[in-house]
1. Within region 39-50, how many residues turn out to be touching a residue at least 24 places away in the same chain (Cβ under 8 Å), out of contact with any Lys or Arg (no Cβ under 7 Å at 6 or more places or on another chain) and on the phi < 0 side of the Ramachandran plot?
2. Take Ile340 and tell me if it is assigned to a helix (DSSP H, G or I), closer than 20 Å to Tyr112 by Cβ and in contact (Cβ under 8 Å) with a residue 12 or more places away in the chain.
3. At least 3 residues that are within 16 Å of the ligand (Cβ to nearest atom) and buried (at least 16 other Cβ atoms within 10 Å of the Cβ) in each: list the helices (runs of 4 or more DSSP H) lying fully within region 200-294 that qualify.
4. Quick one: in region 116-125, which of the residues that are free of Cβ contacts under 8 Å to residues at least 40 places away in the same chain and within 15 Å of the ligand (Cβ to nearest atom) is nearest to Leu150 (Cα to Cα)?
5. Return a yes/no flag: does region 34-54 have any residue that is charged (D, E, K, R) and at pLDDT below 95.
6. May I ask you to list the residues in region 83-101 that are surrounded by fewer than 20 Cβ atoms within 10 Å (Cβ to Cβ) and away from the ligand (no atom under 16 Å from the Cβ)?
7. When you go through (1) outside any loop (DSSP other than H, G, I, E, B); (2) surrounded by fewer than 20 Cβ atoms within 10 Å (Cβ to Cβ) one by one for Ile370, which number turns out not to apply?
8. Taking region 295-332 as the search range and keeping residues that are polar (S, T, N, Q) and buried (at least 18 other Cβ atoms within 10 Å of the Cβ), which one is nearest to the ligand (Cβ to nearest atom)?
Amino acid sequence: MKSKQLSNYGIISLLVIMVSCQPSGRIYEGAVCIHNIHTIDAESGLLKNQTVIVKGEKILKIAPSQELKLAPENTIIDGQGKFLIPGLWDAHVHFAYIEELAPVMFNLFLGYGITSVRDTGGKIDFVKKWKSKAEADPTAAPRVKIAGPLMDGKPNVYDGSIPTRPELSEGFATVEAAVKRVDELAALGVDLIKAYEMLSPEQFKAITKRARELNLNVTGHIPLSMDAITASKGFNSIEHLRNLEMSMTANPTILLAQRRKLLEEGKNEAGGDLRARLHDAQRYAAIELIDTVQRDKVIQALLENDTWQVPTLTLASGAKNKHFTKSVYQSSFNYLPEKISKQWKEGAAIAAGVIATPSRAAYADWVVEISSILHKAKVEFMAGTDCPIYFLTPGLSLHTELEMMSKAGMSPTEVLKAATLNPARYFDMEEELGLIKEGYIADLLILDANPLENISNTQKINTVIKSGKSYDRATLDAMLRKGSE
Ligand SMILES: [Zn+2]
């Protein structure tokens, strides 16, 4: 009996000594510790039960949770059963398309987990204003990269003549004027150049040459006066797969000659009308006449020139799939300023009742099909939407685009890569953004469900972290609602 009491006493003493000797865990002052979360990025895939320490705007440390004991004094987010992914990019947006909407776009993007955007066309003063505003406080806005105006020929398409063609472009009459503008835009701080459909081959070649000298990427639409194989040499990326099909038929030179004739005959028309006429004359016929040999030559050129694709599938298939009829879109319209909300609700109701013509329906299917073929051939992709055009709610629409890319045969990891690591690579930021790594910028999303099981789970956003600042769900909801106030 006595000996047992002694022995109990001995064990208790030992426990007391063990507890007092064991460190109570590390303290990371001024940091946020995301404890015991599954991390996912395009390089490492899924890593279970990690602790990720965010300090300032960077990821300070990552370690398996069992190896990193945290003191209770830390600011801890419980990541149990949740998933951490890099913040998402929308690689094709327009702050200037509806100028009254621009002031609420930051909150919409962050509210839906979009931590970076690439503005692909708008008046330079206007888009620069939003870029500067974002840079002034990176924790309160998405990262904004800008192209400045669409660089177009004469007549230019987005000339401000009607509401659906706001003045997003500048039309140049000569090669010299276009090159001079590239220099000016570079000096004004654009991050890339966007070349548009009415440029002459000479203008296009001179613009892309100058941009390359200035170390600026060029994106855009294949000029109607050119074939895809030649134009690919100047493009780092192409938006909406625009005009690729015209070079994928058995006789692309015949179609090219016809386009050049129509461009010459229509040079005094409004640019938007002329372009629409050329699209109508060739696009739908071309997708019926795709020649696999010629198609593969175009794909080969895209690979050789490392020309990436931003297919904007939600937009391109919108006439058939009508994303805007879904309840999630209808309710997202409530986050828009009152006047725009009303316009979109009415406009969407009308568009919902318009049955897509067989040609448009066929095109909606073709964009998904060709994206799948391009992806299998290892052409690189970025996820972009074209919001706020065609009832594409900023932020929400990127998630629909991720679902569409998944429908085009990309795996969830590949889809995430197109919305995280690839845009970072595009802007030479892959050493600091787009992955979950120590020293990287802390643009992160905490999701309640696994996006590798279903890409739609990118919509189950629990927390957004932008340049190190955390926004929980209640705060994000309040930010979204602010758009209508
Ligand atoms: Zn666009």
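1. So in region 39-50, the residues touching a residue at least 24 places away in the same chain (Cβ under 8 Å) come out as 39-46, 50.
This time we only want the ones that are out of contact with any Lys or Arg (no Cβ under 7 Å at 6 or more places or on another chain), so: 39-41, 43-46, 50.
Remaining after also requiring on the phi < 0 side of the Ramachandran plot: 39-41, 43-44, 46, 50.
Adding up the residues that qualify gives 7.
2. yes
3. Details: elements: 201-213, 228-232, 252-265, 271-288.
In region 200-294, 271-288 are the helices (runs of 4 or more DSSP H) which contain 3 or more residues that are within 16 Å of the ligand (Cβ to nearest atom) and buried (at least 16 other Cβ atoms within 10 Å of the Cβ).
4. So in region 116-125, the residues free of Cβ contacts under 8 Å to residues at least 40 places away in the same chain come out as 117, 119, 125.
Narrowing the set further to residues that are within 15 Å of the ligand (Cβ to nearest atom) leaves 117, 119.
Values: Val117: 17, Asp119: 11 Å.
Within region 116-125, the match that is nearest to Leu150 (Cα to Cα) is Asp119.
5. Filtering region 34-54 for residues charged (D, E, K, R) gives 41, 43, 48.
Of the ones still in play, those that are also at pLDDT below 95 are none.
Checked region 34-54: no residue is charged (D, E, K, R) and at pLDDT below 95.
6. Glu100
7. (2)
8. Only one residue tops the list, namely Thr312.
The values are calculated or read from the model by the stated rules, or taken from the named source; none is laboratory data. Since the structure is predicted, the reported quantities are computational estimates derived from the model, not experimental observations. Here the Cβ is made from the backbone with ideal geometry for all residues, glycine too, and neighbour counts use every protein chain on show.
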